[in-house]
Amino acid sequence: MASIAQIGFFQGIGDLDLARFDHRCVWRKVDEGQTIIDFDDSSSDVYFLVSGDVRIQLRTMGGREFILADLRAGEFFGELAAIDGEPRSANVTALTRATICIVGAGLFREMLASSATLSGRVMRLLARRVRDLNARLLEHAVLDVRHNLYAELLRLSIPRMPSLLARIVSPPPYHHVLAARIGCRREQITRELRAMERDGLMQKTRGGLILPDPDALRHRIAQKMQEVG
């Protein structure tokens, strides 16, 4: 039988008997492209990703999209509505086929009240998300498209082994996805990526976008931050 103890976020919690909550959780499979949560929805469940990837994004009245985050197995979403009872603040769509464990708002709050370890994990995760959003907000407020793109590529990248320096964004992101991440047009992303490749700041491969010298990008971002005060 499926158990929430299998979910990474719940592992290592010794002050909570997870088995007694299993029968109150709902397990569901979702298809690629399926909307799990819609903006302004009145639901309040919390969703734990057992497998698969989802995307959290905002849509304007004019149809523009702004990507807030992509989440992977072991992470969760929907906790804000469970905590404050307000309508959903973003849309969540499955990027791949996924399995989710649905925890009702009341059950979620009961679990937090029963475990200092679990509540501490949730608070630290929320704090990290706020810090990440603050960093992105600052970048969007003061940086141009070029330096916003540098920062976003660094965020999306992982170390490229066996190199001790280079990083890679893999798989290579679509230009319209990068545009939705930093709030610009796809054509601007295409132009800036060409400039990065020309300047030796980025290399294209079938496996992704290689950043051969991440420190050079960080230096350029820091310089731009100083220029704008």
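The values are calculated or read from the model by the stated rules, or taken from the named source; none is laboratory data. Just so we're clear, the structure is a prediction, and the values are computed from it rather than from any experiment. Because the Cβ atoms are built from the backbone with ideal geometry, glycine has one as well, and the counts that use them run over all protein chains shown. Surface areas here come from the heavy atoms of the whole protein model, side chains and all, with no ligands, DNA or RNA. Shrake-Rupley method; radii C 1.70, N 1.55, O 1.52, S 1.80 Å.
Data for the structure
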| item | result |
| --- | --- |
| Nearest 10 degrees, 0 to 90: helix 214-227 Cα axis against the chain principal axis | 80 degrees |
| For the stretch 10-121, accessible area per residue (1.4 Å probe, heavy atoms of protein chains only), Å² | 51 Å² |
| Value of D in µm² per second that Stokes-Einstein yields for the stretch 13-126, Kirkwood Rh from Cα pairs, at 10 °C (1.306 mPa s) | 108 µm²/s |
| Residue order for SER42, SER157, SER163, SER89 - accessible surface, 1.4 angstrom probe, largest first | SER42, SER89, SER163, SER157 |
| Built amide H within the under 5 Å cut-off of VAL50, gap 5+ | GLY74, THR99, ILE100, CYS101 |
| Separation of the MET161 and ARG186 label points, Cα + 7 Å toward Cβ, nm | 3.5 nm |
| Simple spin-label estimate for ARG198 and ALA19 in nanometres, 7 Å along Cα-Cβ | 6.5 nm |
| Cα centre as origin, Lys/Arg/Asp/Glu Cβ charges: the chain dipole, Debye | 700 debye |
| Relative contact order of the chain, pairs being alpha-carbon contacts under 8 Å that are 6 or more residues apart, as % | 18 percent |
| Whole-number D in µm²/s for the chain (Stokes-Einstein; Kirkwood sum over Cα pairs; 10 °C, 1.306 mPa s) | 81 µm²/s |
| Within the accessible area of the stretch 1-146 (1.4 Å probe), percent carbon and sulfur | 53 percent |
| Principal axes of the stretch 89-199: Cα extent on each, largest first, Å | 56, 36, 32 |
| Surface accessible to a 1.4 Å probe, per residue, for the residues of the stretch 168-228, Å² | 58 Å² |
